[in-house]
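The next block holds one structure in the form of structure tokens; read it before the comments.
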Amino acid sequence: MGVSTGTMTAAEFRALAEFRYRIRIYLNGSEEAARNAGLEPQQYLLMLALRGLPVGREPSIRELADRMQLRHHTVVELVDRLERRQLLRRERSRDDRRQVILHLTPRGEKILTRLARQRISELRTAAPMLVRALTAVIRSTQSPRNSRAKS
């Protein structure tokens, strides 16, 4: 099923804009929290991506680049800065010595845990507004007018 190429209603634009606005409020808060903890926002996101990898995923630079949707060299630069600050460390893979595996240090784990708890607490407050905004987007695109256009 493709996206309708017909005109969009003002309500659809408003719903989408509101959803994006609510996401940005939450993300801006995350960026500010990272800076207040002495991290660049991307450093916090890398640490979160590393600690939150799905089970069975290798904590490699390639995997983190994919998870963060960043270029490999950008992740290398972030890792370099975090390693200099002793927030993470590199280790050669036992299976493939060419492969570099990343681990948070206890200090990095402590900072990340504090930030993540803070962000989850904020998300509890922001979630109802985010859900309402997302629901409005979904409903606005499922109106009878749009259903007929898609069939």
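The values are calculated or read from the model by the stated rules, or taken from the named source; none is laboratory data. Since the model is a prediction, treat every value here as computed from it, not as a measurement. Cβ sites come from the backbone with ideal geometry, for glycine too, and all protein chains shown count toward neighbours.
Restricting attention to segment 83-103, report how many residues are in contact (Cβ under 8 Å) with a residue 24 or more places away in the chain and either touching a Gly at 6+ places or on another chain (Cβ under 7 Å) or surrounded by fewer than 16 Cβ atoms within 10 Å (Cβ to Cβ) (or both). Can you show your working first?
Step one: list which residues in segment 83-103 are in contact (Cβ under 8 Å) with a residue 24 or more places away in the chain, which gives 87-88, 93, 99-103.
Filter once more, keeping what is either touching a Gly at 6+ places or on another chain (Cβ under 7 Å) or surrounded by fewer than 16 Cβ atoms within 10 Å (Cβ to Cβ) (or both): 87-88, 93, 99, 103.
Total meeting the criteria: 5.
Quick one: which residue in 37, 49 is within 19 Å of residue 116 (Cα to Cα), touching a Lys or Arg at 6+ places or on another chain (Cβ under 8 Å) and loosely packed, with under 15 Cβ neighbours inside 10 Å?
Selected residue: 37, the only one of 37, 49 that is within 19 Å of residue 116 (Cα to Cα), touching a Lys or Arg at 6+ places or on another chain (Cβ under 8 Å) and loosely packed, with under 15 Cβ neighbours inside 10 Å.
Run residue 118 past the list (1) polar (S, T, N, Q); (2) part of a loop (DSSP other than H, G, I, E, B); (3) surrounded by 15 or more Cβ atoms within 10 Å (Cβ to Cβ) and report the number of the one that doesn't hold.
(2)
Step by step: first the residues of segment 1-10, then only those that are farther than 12 Å from residue 141 by Cβ and assigned to a loop (DSSP other than H, G, I, E, B), then the one that is modelled with the highest pLDDT. Which residue is that?
The residue in question is 7.
Just checking, which of 13, 19 is part of a helix (DSSP H, G or I), aromatic (Phe, Trp, Tyr), more than 18 Å from the chain's Cα centre (by Cα) and within 28 Å of residue 132 (Cα to Cα)?
Every option except 13 fails the conditions.
Assess whether residue 31 counts as being assigned to a helix (DSSP H, G or I) and either within 21 Å of residue 106 (Cβ to Cβ) or not basic (Lys, Arg) (or both).
On the way: assigned to a helix (DSSP H, G or I): yes; either within 21 Å of residue 106 (Cβ to Cβ) or not basic (Lys, Arg) (or both): yes.
For residue 31, the condition - assigned to a helix (DSSP H, G or I) and either within 21 Å of residue 106 (Cβ to Cβ) or not basic (Lys, Arg) (or both) - is met.
Is there a residue in segment 89-96 that is of a type in the set (Gly, Ala, Ser) and touching a helix residue (DSSP H, G or I) at 6+ places or on another chain (Cβ under 7 Å)? First the steps, then the outcome.
Here is the first cut: in segment 89-96, the residues of a type in the set (Gly, Ala, Ser) are 93.
Then drop every residue that is not touching a helix residue (DSSP H, G or I) at 6+ places or on another chain (Cβ under 7 Å), which leaves none.
Within segment 89-96, none of the residues are of a type in the set (Gly, Ala, Ser) and touching a helix residue (DSSP H, G or I) at 6+ places or on another chain (Cβ under 7 Å).
Take segment 81-131 and flag every residue that is of a type in the set (Lys, Arg) and either touching a strand residue (DSSP E or B) at 6+ places or on another chain (Cβ under 6 Å) or farther than 21 Å from residue 63 by Cβ (or both).
Of everything in segment 81-131, those that are of a type in the set (Lys, Arg) and either touching a strand residue (DSSP E or B) at 6+ places or on another chain (Cβ under 6 Å) or farther than 21 Å from residue 63 by Cβ (or both) turn out to be 84, 85, 89, 90, 107, 110, 114, 117, 119, 124.
Quick check: anything in segment 90-104 in a loop (DSSP other than H, G, I, E, B) and at pLDDT 95 or above?
Within segment 90-104 (the criterion being in a loop (DSSP other than H, G, I, E, B) and at pLDDT 95 or above), the answer is no, since none of the residues qualifies.
Take segment 63-82 and flag every residue that is surrounded by fewer than 15 Cβ atoms within 10 Å (Cβ to Cβ) and within 17 Å of residue 52 (Cα to Cα).
66, 69
Working only within segment 47-69, note down all residues that are part of a helix (DSSP H, G or I) and either in contact (Cβ under 8 Å) with a residue 12 or more places away in the chain or not aliphatic (A, V, I, L, M) (or both).
Result: 47, 48, 49, 50, 51, 61, 62, 63, 64, 66, 67, 68.
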